[in-house]
Each structure stands twice: as C-alpha cells, then as structure tokens.
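Asker: Can you read through this structure? Questions will come right after.
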C-alpha cells in the first residue's frame, strides 16, 4: 500500500490514522487496517513503529473532514482501571470501534498546556479519529489518562458525544502502583507532577512536606486529583458523563457492556452484550497481547503483602482526610453511576 496522492483519501479512509500533530500544524498519518488494531496495545509509536506502516502527512489547513458524521464517544479514566479492556470489548464490526490511546491526543493535550492548541486543530483531529470503518459504526476513543485535561474541550465539540469516567478504587490503584515496583513509583511521581499542573491543586503542602511524602502518598494524591477531574466532568456535563469503577465492570461484565452501549447509542442489546462478555476480548490480556486473561481471577483479593497492605490502609485513610480538607468528594454522585 502506497501513500495517497491527495488529501481526499486521508480525509475519507479510516485506515489512515492521524498519528501525530505538531504546532507547525502538520498532521502525520499511518495506514493501519482495522484488523491490525487488535495487534497493538496502544496507538503510539512504541507499538506502531515496529509494523513499518505506510505513512503520509498533510498541512492542517488542507484537511477539511466532512461535517455531520457520528460523534465520538469517550472512555476517560484514572489509570489501572481496565479501560483498555473496555475499549477492546467495543470492537464490534458494523456497530463500534474502540481506539486505544491515540498518541496524537497526548500531543493535543501538550498543545493545550502550552497554549498552542487552536480549536481548528482540535476539531479536525477529532473528526479524523471519528471516521467509521463501516457505515453506521461509531468510534469510541479511549485517551490516555494524561489527556483528561483535554476532556472538557473534547465534549464541548459535539453535544452528541458522551463519556464514561472509569476509575479503580483507591486501595486497588495503590496496590497496582506497588506491584509495579520502581517503574510504577517513578511513573506515578511523573503523573502527580502533571496533574498537579493541570488541576492547580497543591493541597497546601510546603516544599519540605511534599519531599517527605512516600511514593504511595504521592500516588494517592495523583488519584485524588484525577478523581477531581472526573467529578468536574460529571458536574459540567450532567447526564453525558457516567462513572464506573473497575471492580463493578469486571464483576458485572454483560451489564456493563449493555449500559455502556445504551449510554453511547450503540446497537448492542443484552444478548449481544453477554456474547461480548464471554468472547475473546475477555480471554486475553488487554496490554500483553496473546497472554491469557481471566477476569474472574482479576477480581480476587491480591496476595497479602503485610507491609504494603498496612501502608495502603494508612494512606487511604490519610487521603480521605486530605480530600475533606480540600473539599474534594471521594464518592461520585449516585446519579452519575453507569450501573445502579
């Protein structure tokens, strides 16, 4: 497959994925067939690069996607909450397609932070991502959690866009960080720095007090700030943003898929939702392609680690006190829940 000769193909063919945007207003594309989406964990260079995909580029001002297409639906999340699994489950040909963490949205979020993102760039990229692979399909976009800063702008683009805010309960999130060892602890410190800048929250801690925080305290504050982002979305877009915790999702897979489909306007009834829940999306690991996965096992309590478990319990209690002091609700409003 060779690159297209004009921008028309880039505009109309969903296989031409917008992979990168830069502030010089150039959009770079790679050609990724629908079946190839299942071979990659995320739509980033780390996973797309080894495929040596055909590539092309166009100047933003030359790209004018046709208006009136279906609105994108969104899965926003706070990391380690099975959001990739949910996006995979929504790969239902003829009905929906889940796009997993397009790197171009990370770049748009950085553009927003740098005050270099225009509404034209945002709208054009979203319209390109929303192109269906088949007539009647809807695209469900699962951005990276670092794109949460962009979530209000994404939902403002089209009143037909709805969203799920998917999160892991705090103790489970903290255990996920601990289980990932040094990598997880370094990652969450970078996340904390980013969401602190995005939300403007510092919790009144001095530089010395911040330095004294343990890794899991830093992780808890990052979780809390992302929780605040989710709460603000619920308040700003009542009815359009629903909340869901990862434990409920894994425990009630058919019901969750049916409820997501209803919220996103997807033609998936309860019977089809049950088929999806029993299908291959839930039999293999969402991030380690090919490795077996058992959603029931994922619900089981973690192997006890007394020292870590004690710290998690203490940090969770401390986080509730911090949240009360900062005026951040730990629980989302009951009416926002995807499932009762």
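Asker: Can you tell me the 0 to 90 degree angle between the C-alpha axis of helix 181-199 and the longest principal axis of the chain, rounded to 10?
Answerer: With rounding to tens, the tilt is 80 degrees.
Asker: What angle, in degrees between 0 and 90 and rounded to the nearest 10, separates the Cα long axis of helix 253-264 from the longest principal axis of the Cα atoms of the chain?
Answerer: 60
Asker: If r is the Cβ-Cβ distance from residue 156 to residue 23 and R0 is 22 Å, what FRET efficiency results, to the nearest 0.05?
Answerer: Efficiency, from the Cβ-Cβ distance: 0.55.
Asker: For residue 203 and residue 331, calculate 0.36 nm times their separation in residues minus their Cα-Cα distance, and state this gained length in nm to one decimal. Numbers along the way, then the final one.
Answerer: Numbers: separation 128, 0.36 × 128 = 46.08 nm, distance 1.86 nm.
Taking 0.36 nm per residue and subtracting the Cα distance, the gain is 44.2 nm.
Asker: Show that you can apply the helix-only estimate: for the chain, add -39,500 (n - 2.57) for every DSSP H stretch of four or more residues, divide by all residues, and state [θ] at 222 nm to the nearest 500.
Answerer: Estimated from H runs of four or more residues: -13500 deg cm²/dmol.
Asker: Still on this model: Length gain on complete extension for the stretch residue 339 to residue 51, per 0.36 nm per residue less the alpha carbon to alpha carbon distance?
Answerer: Residue separation times 0.36 nm, minus the Cα-Cα distance, leaves 99.8 nm.
Asker: Tilt of helix 306-326 relative to the longest C-alpha principal axis of the chain, in degrees (0 to 90, nearest 10)?
Answerer: For helix 306-326, the angle is close to 80 degrees.
Asker: Taking Cα pairs under 8 Å and at least six residues apart, what relative contact order does the chain come out at, in percent?
Answerer: Dividing the mean separation by the residue count of the chain yields 18 percent.
Asker: Sticking with this one: Can you sort 206, 57, 78 from fewest to most other Cβ atoms within 10 Å of each residue's own Cβ?
Answerer: Ordered by Cβ neighbours within 10 Å, fewest first: 206, 57, 78.
Asker: Express the relative contact order of region 31-177 as a whole percentage, based on alpha carbon pairs under 8 Å and six or more residues apart in sequence. Walk me through the numbers before you get to the answer.
Answerer: Values: 197 pairs, mean separation 53.1, N = 147.
RCO, region 31-177: 36 percent.
All of the numbers you see were taken from the coordinates with simple rules; none came from a lab. These numbers come from a predicted model, not from an experiment. Reconstructed Cβ throughout: ideal geometry from the backbone, glycine too, with neighbour counts over all protein chains shown.
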